[in-house]
Every structure is written in C-alpha cells, then in structure tokens.
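Read the structure below first, then the notes.
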Amino acid sequence: MAARILIVDDEVAIRRLLRNTLERAGYAVAEAMNGREALVQATAHEPDAILLDLGLPDRDGLTLIPMLRKQANGVILVVSAREATEEKVAALDLGADDYVTKPFDTDELLARLRVALRHHGGSGATPKLVRRGDISIDLDRRLVCRAGEELHLTRKEHDVLAVLARHIGRVVTHERIIAAAWSGEEDPRVEYLRIVIRNLRQKLEAPGPVGSVIANELGVGYRLRSDS
C-alpha cells in the first residue's frame, strides 16, 4: 500500500508542486492549508509522513509540531522558507525528523522523505548494524569498517558516530550530539565536537570531496548521509 503523505502549506502553488511530485513517486497525498486542517487531517488519514510549512495563517508551525507528534505517529518533515539557524534547531528539538529549506530540489526532498520513512518503518528499536556505502557501523560491538577493513576510532569518535548512525540520513543538532556523547562531562563545547567530526571525516572518507559522508548543516548540526 502506498505511503500516505499529508502536505500542510497555505500556498496553493507549493501544495500543487508537492502533490504532483509525491504522486509521481507513488505516494497517496492529502492536503491542509492551515494548522486547524492539519490536525483534522492527521486524525482522519493517519499519515505516514507530514510535510509541514511553518508560516501558516492561523498558527506558527513550530507550535504545531508537538501537537502533531502527539496526535500522529508519522514522520514530520519541515519544508519552510525560514532559514534562521534557531528556527531549524527549534523545529528539530520539538520533534521534527528533518528540515528542508524553500526553495527546494524535489529530488533531494524525495530522498530525505525516503530515508525518514525507512527509518520510521523499522521495528522502532535502535539498529545494531548501520551501512553506508562501503562503511559498516556495528553499534553493539563498537566496530567500524570501511571496505572490510577495521577503522581505529577513539572512544569519543565512536560515541559521536553512534549518535549519527542511529539517525542516519537525518539532521542531529549539536546539542543532541553533545548531550549523548559528552554526557556527564563538564563544559562540553561545540568546538570539541567539530574536532571529533573532522577526525571522523579523515578516517571514514576515501579520497574525494570533503563532507561526502558526514554533512554539515551550518549552525544546526550534522547528518550521516544515507545511500538514498
């Protein structure tokens, strides 16, 4: 059965573009033009994913995220023209699974949606083995290999990579990574995280473009790229 997607946006042209894009990709689509309709549609259709604009006419989309999170069990993907870092961080911290800025590339949007749906469609348990290209990450054994060869990571590098691997394909904010990887330690700083990410990139990436494995969402956090 086709996954059900709810589009929440007050702009007719954006809803039309998203509907056409999603239906061509094989999804079933419902629409809402404001927060009130979104809550009604979320209850009626039980969508597998919600594409949520933040600039709605009757309420700020940020206030809608926790309400939808309680009411619907699907993915929440914010699609908004708001580019401010604090808006992105707030949306992710409130429960959004990912954040795409308008104007957007439809292929990237579909890829982000596929990743989020695949992650959400699992058993709900933390995956034990995560694969990305020729990289395998065994979370239980704390074993990371590239092209079959074990990589030697420090404890902190393992901790940070594990957080990203559990949310592969999705943005994880600086605050969430630090809270997980530096739990209980005094004075954790974003600068320490940047050093660990730099070292991870050097170890994980074969010769090629910098950032091909771990993407930097400027001012927001990091994302372990999926193969989708």
## Note on the structure
Counting only residues that are of a type in the set (A, V, I, L, M, F, W, C) and either loosely packed, with under 13 Cβ neighbours inside 10 Å or at pLDDT 95 or above (or both), the range 125-138 contains a total of 2
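Quick check on Arg141: is it at pLDDT below 90, surrounded by fewer than 17 Cβ atoms within 10 Å (Cβ to Cβ) and assigned to a strand (DSSP E or B)?
Details: at pLDDT below 90: yes; surrounded by fewer than 17 Cβ atoms within 10 Å (Cβ to Cβ): yes; assigned to a strand (DSSP E or B): no.
It is false that Arg141 is at pLDDT below 90, surrounded by fewer than 17 Cβ atoms within 10 Å (Cβ to Cβ) and assigned to a strand (DSSP E or B).
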### Filter result (surrounded by fewer than 23 Cβ atoms within 10 Å (Cβ to Cβ), of a type in the set (A, V, I, L, M) and touching a residue at least 40 places away in the same chain (Cβ under 8 Å)) within the range 73-90
Val89
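Looking at Asp58, Asp93, Asp107, which one is free of Cβ contacts under 8 Å to residues at least 24 places away in the same chain and surrounded by fewer than 18 Cβ atoms within 10 Å (Cβ to Cβ)?
Working: Asp58 fails: free of Cβ contacts under 8 Å to residues at least 24 places away in the same chain; Asp93 fails: free of Cβ contacts under 8 Å to residues at least 24 places away in the same chain.
Exactly one of Asp58, Asp93, Asp107 is free of Cβ contacts under 8 Å to residues at least 24 places away in the same chain and surrounded by fewer than 18 Cβ atoms within 10 Å (Cβ to Cβ), namely Asp107.
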### Task
Determine whether the range 184-195 contains at least one residue that is open to solvent by 30 Å² or more (accessible area, probe 1.4 Å), closer than 20 Å to Thr85 by Cα, of a type in the set (Val, Ile, Thr) and at pLDDT below 90.
yes
## Note on the structure
His119 fails exactly one of (1) at pLDDT below 85; (2) assigned to a helix (DSSP H, G or I); (3) over 17 Å from the mean Cα position of the chain (by Cα), namely (3)
### Message
The conditions are (1) in contact (Cβ under 8 Å) with a residue 40 or more places away in the chain; (2) out of contact with any Gly (no Cβ under 6 Å at 6 or more places or on another chain); (3) open to solvent by less than 50 Å² (accessible area, probe 1.4 Å); (4) farther than 22 Å from Arg166 by Cα, and Pro47 fails exactly one of them. Which is it?
### Response
(2)
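When the range 1-44 is examined, which residues are found to be in a loop (DSSP other than H, G, I, E, B), of a type in the set (A, V, I, L, M) and without any contact (Cβ under 8 Å) to a residue 60 or more places away in the chain? Walk me through it before giving the result.
To start, the set of residues in the range 1-44 that are in a loop (DSSP other than H, G, I, E, B) comprises 1-3, 9-11, 25-27, 33-34.
Narrowing the set further to residues that are of a type in the set (A, V, I, L, M) leaves 1-3, 25, 33.
Those that are in a loop (DSSP other than H, G, I, E, B), of a type in the set (A, V, I, L, M) and without any contact (Cβ under 8 Å) to a residue 60 or more places away in the chain: Met1, Ala2, Met33.
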### Residue match in the range 199-209 (condition: more than 23 Å from Glu83 (Cβ to Cβ) and open to solvent by less than 10 Å² (accessible area, probe 1.4 Å))
yes
### Task
Any residue in the range 127-151 that's charged (D, E, K, R): show its pairings with residues that are surrounded by 15 or more Cβ atoms within 10 Å (Cβ to Cβ) and part of a loop (DSSP other than H, G, I, E, B) at Cβ separation under 8 Å, as long as the two are six or more apart or on different chains.
Lys128/Leu139; Arg132/Ile168; Arg132/Val213; Arg132/Arg225; Arg132/Ser226
### Task
Could you grab me the full set of residues in the range 144-178 that are surrounded by 15 or more Cβ atoms within 10 Å (Cβ to Cβ) and assigned to a strand (DSSP E or B)?
Val144, Arg146, Leu151, Val172, Thr173
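The values are calculated or read from the model by the stated rules, or taken from the named source; none is laboratory data. In this text, all values refer to a predicted model and were calculated from it rather than measured experimentally. We place every Cβ from the backbone using ideal geometry, glycine too, and count neighbours over all the protein chains shown. What goes into the accessible areas is simple: the full protein's heavy atoms, side chains included, and nothing from ligands, DNA or RNA. Shrake-Rupley method; radii C 1.70, N 1.55, O 1.52, S 1.80 Å.
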